[in-house]
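The values are calculated or read from the model by the stated rules, or taken from the named source; none is laboratory data. Predicted, not measured: the structure shown is a model, and the values here were computed from it. Backbone-built Cβ (ideal geometry, glycine too); neighbour counts: all protein chains shown. Please note that ligands, DNA and RNA were not included when accessible areas were found on the heavy atoms of the full protein model with its side chains. Shrake-Rupley method; radii C 1.70, N 1.55, O 1.52, S 1.80 Å.
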Amino acid sequence: MSPGVFADYHQVVREQGLLGEEEILLCAMALGHEDPEAPENGLVTARVPVAEFAAFHGFD
């Protein structure tokens with residue numbers, strides 16, 4: 001699957017009224033296992049609740 005595979009779906013979502021002109025559509029997935037010894041996995045950041053920056057539709 002090409003990284004650009006989702007590039008055109010924003011228009012479909014926007015046509016359904018689920019995405020405003022000032023919004024973007026992002027889809028990402030991380031696969032694998034954490035290496036707790038890797039330096040990049042030691043960074044802990046502050047997080048806001050997902051409801052403050054995302055909306056989920058169709059999961060009722």
Note down all Cβ pairs under 9 Å where the first residue falls in the stretch 44-60 and is closer than 18 Å to GLY20 by Cβ and of a type outside the set (Ser, Thr, Tyr), the second is open to solvent by 100 Å² or more (accessible area, probe 1.4 Å) and assigned to a loop (DSSP other than H, G, I, E, B), and they're at least six residues apart or on different chains.
-> HIS57/GLN16
Any idea how many residues of the stretch 12-60 are among the hydroxyl-bearing types (Ser, Thr, Tyr) and open to solvent by 100 Å² or more (accessible area, probe 1.4 Å)?
-> 0
Does any residue in the stretch 25-41 that is over 16 Å from ALA54 (Cβ atoms) come within less than 6 Å, Cβ to Cβ, of a residue that is among the charged types (D, E, K, R) and assigned to a loop (DSSP other than H, G, I, E, B) six or more places away or on a different chain, and which pairs are these?
-> ASN41/GLU34
So which residues in the stretch 1-49 are at pLDDT 85 or above and hydroxyl-bearing (Ser, Thr, Tyr)?
-> THR45
